[in-house]
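Structure, as C-alpha cells:
The values are calculated or read from the model by the stated rules, or taken from the named source; none is laboratory data. The structure displayed is predicted, hence computed values, not measured ones. Only protein heavy atoms, including side chains, enter the accessible area calculation; ligands, DNA and RNA are left aside. Shrake-Rupley method; radii C 1.70, N 1.55, O 1.52, S 1.80 Å.
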Amino acid sequence: MMKTALLKNLFAATIIQVTVLSASATEEAPLSAQIDQLAHELIETYRTPGLAIAVVKDGAVVHATGYGKRTFNEPDTVNTETFFRVASVTKAFTAALIATLVDDGKLNWDDKVIDYLPNFQMADPWVTREFTIRDLFTHRSGLGPGAGDLMLWPAPAGFSRDEIIHNLRFLKPVSSFRSEYAYDNLLYIVAGEIAAKVSGTSWENSMQQRVLSRLDNNCYSEAPKTLRNVATPHQITEGKLETVPRNAVTVESPVYAAAGGISCNISGLADWMLTWLAGGSSASGQKIFSEEQRDEMWRGVTLMQPSRFERDLMNTNFKSYALGWRKIDAMGHMFISHTGSLSGARAWVGMIPELNIGIAILDNGNNSRVRNILMTALLAKLTGQPDRDWATYIANWYDQQQQSTQTPEEIEEEGKASVFLPLEHYAGAYKDNWFGWVDIKLNNGQLRFISRKSKHMKGTLVPSHGNSFIVQWDNRSFEADAWAKFDDDFDGKIIGMRMKAVSDEADSSFDFQDLDFAKQQ
C-alpha cells in the first residue's frame, strides 16, 4: 500500500496551480515532481518494471518522462524515446487511417463492407448485406465479447488475415445486429483490410505513410530492425516476474495489427493527443485528418454500461463507444479515451477536450491497477477534485471487488474419481469450424489438449466430474484455464467437446465459449 502521507502530499495541488501548468518551467515543476514520486511508488508496490507518462495541456507537452527498467533484470532504463506496445490504443489509429480516406473522398463511413471485401460474410445473410464500415468500429455486430479471438492470441495463433475474415461466417451471434455492445477485435482487422485495398498497399504501409510518419516516427506499424530502445513486456506468473517474449516489439507486424499492433514511445503519444485536441493537425503542423472527421470519430454510436470502476471512482453516469474511442462523463467532464492490454503491456490514452488536456500512460507490466491509479489521480488533479489518497483508495476498492473462487487444484481433488468414462474414450481428433483441429491424446495416464494450428494452446486435462475436465495450459502466464465438457450420444459415445473459461476474470480474448468441437475420429 502507498504511504498515506506521501500520496496526500502528491495530490494537494490547487486548481490555480493546474491552470498555469503551461506558463513556465518553474510552474510545471510541482506537477512533474508529483507524477515522478507516484510513478516510483507504483513501480515498487506493483512490481512494474517500467512506465512512461505524458501530460499535454493547451497545445504543449507539460510532462513527459520514463521511469524504471526496459527489462527488469537489465540496466537499460525507460526514457521518452522507449517504444512500448500500445495494444488496443491502436484502434483509434485505424479509425484515423479510414478518416484520411474519407477526407480524400475514397470511401464513406456508411459504405457497405461487401462493396470492398466481397468475401466478407457473417452468419446471417441480412447482417452481411447491411454491415457498414462504421459497424466495424463500434462493437455492435451481434457477436459475443472477444468472439474468435483465439485466432489472434496467444500469438502467433497461426491464422492469416484472409482466414480470419473467412471464418467470421462460422461465429454464432448472441444478440441481434446493432442492439448490444460486445467488444471485438476481428472486425478491426476487416477495417484494416479495407484500408489496404482502397489505398493500394498493406495496412502497415498505409498506416505508416498516411498517419504515423506525421508523428515524427515516434510510432510504428512495423518496428525498424535498428530499433533497440524498446520495453520488454512482463507479467507475474505464480509469484515470479517474467518476460512475455510473444508480445515484444518486433519488426514483424502481427496478424491483429489493425486492432492492437502499433508501437509508440511516450513522445509519440503526446503528439498523438495534441493532434486530436488540435482538430487533426500534428504538433509539427502536418494535417492528418480534418476537424470534421475528428468530431465524427468522437461521436458516440453504441451505448455501453459504465463499469463499476467508472461509476465508483470517476462519477460516470453515461458511456458510449465512438469510432476507436470510448466516451464517458468523468469527474464532471467529457472524457475521450481508450485502454490497451496485452499480456505484459498496458496503455491508456485519455483526453478532456473542453480543458484541452491529455494524459498518456505506457506500462511494460501486467497489472492494470498501475494505469488505473495514475489516470484517476491525474484526472482528479487536473479537474480540481477534492484531495484523496488515490493509490490506497483504489487498492482498497479492488480488494472489495475480488471474490474467492475454487482453484483448479481444489476441483481436481474433488473430481479425481468421478469421470464417467475411461480416459481413452475421450481421446481423438476434434474439429471446430473456425478454430480448426485439436487432438486429445492419452499419454502416461493423462489426457493432453494439443491445437494443430495455435502452437501455444497445449495443456493437460484434469478430471473434474462427469464428462468435464479442466484444461491447465502449459503456459501458466495465460491465466485462463478452461473447462472442457465432452458431449455424448444416447449410446454413451463421445461426439463433441465444448469449452468455457474457469474464471470470470479470464481475458475475454480467450473466447473458449465460442468453440464447438465435433469429434472426427
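Estimated from helical segments only, the mean residue ellipticity of the chain at 222 nm is -8500 deg cm²/dmol, where each DSSP H run of four or more residues counts as -39500 (n - 2.57).
Quick check on my link table: of Lys431/Lys500; Lys106/Lys287; Lys453/Lys519; Lys172/Lys519, which ones sit more than 28 Å apart, alpha carbon to alpha carbon? Exceeds cut-off: none, every pair is within range.
In percent, rounded to a whole number, the relative contact order of the chain is 17, using alpha-carbon pairs under 8 Å and six or more apart. Here the scattering of region 28-96 is modelled by Debye summation over its C-alpha atoms, one equal scatterer each and no solvent; at q = 0.29 Å⁻¹ the log10 of I(q)/I(0) is -1.24.
The aspartates and glutamates whose alpha-carbon is closer than 16 Å to the alpha-carbon of Lys69, local same-chain residues fewer than 8 away aside, are Asp36, Glu41, Glu44, Glu81, Glu242, Asp363.
Computed over all pairs of different Cα atoms, the Kirkwood value for the hydrodynamic radius of the chain is 24.2 Å. Put the Cα centre of region 473-494 next to the Cα centre of region 62-130 and the gap is 34 Å. Look at the alpha carbon pairs under 8 Å that are at least 6 residues apart: their mean separation over the length of region 462-521 gives a relative contact order of 25 percent. Accessible surface area normalised per residue over the chain is 41 Å², counting heavy atoms of protein chains with a 1.4 Å rolling probe.
Helices meeting the span-like rule in the chain (full DSSP H runs, Cα extent of at least 15 Å along the helix axis, mean Kyte-Doolittle score of -0.5 or higher): 25-46, 90-103, 186-199, 266-277, 368-382.
Where a Cα-Cα gap under 12 Å defines reach, which aspartates and glutamates qualify for Lys197, not counting those fewer than 8 residues away within the same chain? Within reach: Asp115.
Measuring nothing but protein heavy atoms, the accessible surface of region 440-505 at 1.4 Å probe radius is 45 percent carbon and sulfur. I'd like the carbon and sulfur percentage of the solvent accessible area for region 136-201, probe radius 1.4 Å, heavy atoms only, ligands and nucleic acids excluded. Exposed carbon and sulfur together represent 54 percent of the surface. Distance from the C-alpha centroid of region 283-333 to that of region 218-255: 28 Å, rounded to the whole angstrom.
Roll a 1.4 angstrom probe over the protein heavy atoms and tell me the percent of accessible area of region 270-324 that is carbon or sulfur. Carbon-and-sulfur percentage of accessible area, whole number: 42. Remark: region 450-509 projects, on average over all directions, an area of 4.8 nm² (convex hull of Cα atoms). Expressed in Å, the radius of gyration and Dmax of the Cα atoms of region 125-262 are 16.8, 50. Measuring nothing but alpha carbons in region 242-395 and taking Rh as the Kirkwood radius, the Rg to Rh ratio lands at 0.96.
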